[in-house]
Amino acid sequence: MTNSLFDKTMLGSMKLKNRIFMSPMGTTGEADGSYCAEGIDYFEERAKGGAGLIITGANVVSTKYEPRPCTELSDFHHVERLNMLIDRCHHYGAKVCVQLSPGLGRQQFTDPFTAPYSAGSVPSFWFPDLICKPFAVEDIKYLVGRIGYSASLAVNAGADAVELHAYGGYLLDQFHSVHWNNRTDEYGGSLENRMRFTLECIEAIRQNVPKDFPILVKYTPVHRVEGFRTIDEGVEMAKILEKAGITAIHVDTGCYEEWFQAITTVYSKDAHKLDAQTAIKNTVSIPVLGDGKLIKPEVAKKVIEDGILDYVGLAHQMLADPYWPKKVKSGHTEDIMPCIGCNECLLAGFSGKHYYCAVNPLCYAERSFALPKPDGTKKKVLVIGGGPAGMTAAITARKRGFDAELWEKEARLGGTLWAAGGPDFKSDVLRLIRALEIQCYKTGVDVRLNTEATAENIRGGKYDKVILAARSSPAMPPIEGIEKTKLVSDYLTHKVCVGKKVVVIGGGLAGTEAACDIAPNAEEVTVVEMLPDILYTAAHCLNNDQHLRKMVKDRGVKVEAGAKVLKITDDSVVFEKDGETRTIACDTVLNAAGFKPNNQLEDLLEDLYEEVTVVGDAIAPRKILTAVHEAYHAVRVM
């Protein structure tokens, strides 16, 4: 009989209502490491959304060797808040698996001054000048004991299962890998020795939980980085883990050296971990859990029906839309707000903030940022601009029960998202346009296309609130011959074509992505950037940066950084670099020198209306996150 996504199953002794789990992601907590109220609300919302199983982010079992990176489960007093979290998830039929971690090791990112501990004397990842201190055997034994104790605390808190954090280049995976483990004692050398720490942790958990209590292990069978672990060793690791008597195995890929192999980016292909997961599924007889851009309902359903995975994990998609499971089950997939792989969530967490989501302003603020319920108050809102900010503002106004007009000067909604989603590897952004557009019409927004706001038609509308969300426009740098160029936004929206030898002026996100999009069908593509490097000012997460730079390399895009363009001719670009004047022959030049805000109507609007708010690119060209959040809050606080 074929499996389906919404089967009721038993994972060990744990009964699950479907095969969908929320993958583990780090969360912030109180000063003592316990879960904060916002974190509890956050998990409760995902339980409401229909996930069968929720796996928490890593809970560290000790801070003896490194600062706490996220939440902690090492003390009896941590149980109270964790119990509140678990109980509230149980109310909605979700089970909770508590992930336990002995630490980050060389991945420790909060202290740039103290050499972290690791398996061996290897460089710290974030601070390479710090050489890690190898754990002494007694330190390993201490952490094994703490893992066992923390497992008992998870049971006290009402957990349905525990998962050992042994993947992705973190501490246990550092012990697993010859790349980081240069020990000569019983914890180094052979694969069995390198896995000894993990196996001792599994046994410590077993000694501290009830008989038949589900024990999961998340591990990485292949790093996908040259010189690192290959799938052959990963298969042998799976056999060792199964022999250790665990309930299920959670399969990941990658490490921080190519972080995008582990944590999906906008450039990732659907189901990009499936080859590794298939290899492990074919090796073990215990259930296999997996994630890795399985966010399209048809993809998630197929991997279950084909028997490749027993349980499908959703990570950042559950931030973007906690109700993905319910919407898929009810057949309302058009209402899903898609994750766009921007990793603003990750960037926020590693910057010391809580985990924001670009397309969901309520993420980690479910209670604080909830919209006031419609109370019958009638208000009229005008939104100028149909990009992500404008659509979000109009949708939010309708959800509050207000009348909302949305004016867009073009013949379609989407604004600059059409350019952002133009490359063949960024179709997820186009899915966001469609999702927002559907909600505009379903909520009853009065959408007026081909309607440009002018000094004449914005008068006399009797609006209670006007939101200016006009898109940005391309900047035209003062370069001789700049008029000979084509706009990068026109290329990305398929309004213009390019030739075989292309120069892109500007190595920001738009220019670099456009160059990568052009390269497969061109003879030569060169990015000329005035700053010291491409993506120099791109405020995006490391894994997105790594992934795009790898694409630049793999697609053969040439880069001239630290170069000032002097002149553009019909068949060349002349620039100065390192005190020399150089020329690149080309048949097409794209202007990707940046964008400028479009806020010309602001003063006039403020003269006409009491409440005017400027949001998104009308303030300055910025991110999707900024546009969506500003627009949402502009209406929320009305």
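Only the coordinates and a few stated rules stand behind these numbers; no lab work does. Here the structure is a predicted model, which is why all the values come from computation and not from measurement. Cβ placement follows ideal geometry from the backbone for every residue including glycine, while neighbour counts extend to all protein chains displayed.
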message = Student exercise: in region 32-174, how many lysine pairs 8 or more apart or on different chains have Cα atoms under 25 Å apart?
response = 4
request  = Please list the non-local residues whose amide H lies under 5 Å from the amide H of Lys218, H modeled 1.01 Å from N, same-chain partners needing a gap of 5 or more.
outcome  = Leu164, Ala166, His250
message = Looking only at region 482-596, where both bridge partners belong to it, what percent of the DSSP beta bridges are antiparallel (to the nearest 5)?
response = 40
key: Whole-Hz couplings from phi, Karplus 6.51/-1.76/1.60, listed for region 601-614; x for Gly and Pro   = 7, 4, 5, 5, 4, 5, 6, 8, 10, 5, 10, 10, 10, 9
ask   = Taking neighbour counts of Cβ atoms within 10 Å as a proxy for exposure, in what order, fewest first, do Leu100, Leu371, Leu11 appear?
value = Leu371, Leu11, Leu100
task = With a 10 Å radius around each residue's Cβ, average the other Cβ atoms per peptide and rank 81-93, 353-365, highest first.
result = 353-365, 81-93
ask   = Given 0.36 nm per residue, what is the gain on full extension from Glu606 to Asp75 after removing their alpha carbon distance, in nm?
value = 185.6 nm
Share antiparallel - DSSP beta bridges, the chain, percent rounded to 5 = 25
message = Please give the Cα centre distance for region 164-214 versus region 87-151, rounded to the nearest Å.
response = 12
request  = For Thr71, list long-range residues whose amide hydrogen, built 1.01 Å from N in the peptide plane, is under 5 Å from its own amide hydrogen.
outcome  = Thr27, Val60
Where Cα atoms sit under 18 Å apart: lysine pairs in region 482-596 separated by 8 or more or lying on different chains = 18
message = Order 127-133, 66-72 from most to least packed using the mean count of other Cβ atoms within 10 Å.
response = 66-72, 127-133
Angle in degrees between helix 79-90 and the longest Cα principal axis of the chain, rounded to the nearest 10 = 70
request  = Go through region 446-454 residue by residue and turn each phi into a ³J(HN,Hα) via Karplus (6.51, -1.76, 1.60, θ = phi - 60°); whole Hz please, and just put x for glycine and proline.
outcome  = 7, 8, 10, 7, 6, 10, 8, 6, 10
ask   = How large are Rg and Dmax for region 482-596 when only the alpha carbon atoms are used, in Å?
value = 13.1, 38
key: Sparse-neighbour loop sites [GluC sites (Glu not before Pro); region 222-260; at most 15 other C-beta within 10 Å; DSSP]   = Glu226
remark   = A correct Stokes-Einstein calculation for the chain, using the alpha-carbon Kirkwood radius, 20 °C and 1.002 mPa s, returns a whole-number D in µm² s⁻¹ of 81
ask   = Among Ile295, Ile624, Ile438, which comes first, second and so on when ranked by fewest other beta-carbon atoms within 10 Å?
value = Ile438, Ile624, Ile295
ask   = For the peptides 137-143, 406-412, 588-594, what is the packing order when you average, over each peptide's residues, the other Cβ atoms within 10 Å and list the highest mean first?
value = 588-594, 406-412, 137-143
note = Filtering GluC sites (Glu not before Pro) in region 593-638 by DSSP loop and by at most 12 other Cβ atoms within 10 Å leaves Glu610
Largest-first ellipsoid semi-axes for region 9-350, taking √(5λ) over the Cα gyration tensor eigenvalues, angstrom = 29, 22, 20
inquiry  = Give the average over all directions of the projected area of the C-alpha convex hull of region 113-219, one decimal, in nm².
reply    = 7.2
inquiry  = For Gly313, what residues show an amide H to amide H distance below 5 Å, using hydrogens built from the backbone and excluding near sequence neighbours?
reply    = Phe21, Gly290, Asp291
ask   = Separation between the Glu580 and Leu371 pseudo-spin-labels, each 7 Å from Cα along Cα→Cβ, expressed in nm?
value = 6.0
remark   = Per 10 angstrom bin, beginning at 0 and ending with the bin that holds the maximum distance, the Cα pairs of region 1-135 fall in percents of 12, 34, 27, 19, 8, 0
Chain lengthening between Asp212 and Asp139 when straightened (0.36 nm per residue, less Cα-Cα) = 23.4 nm
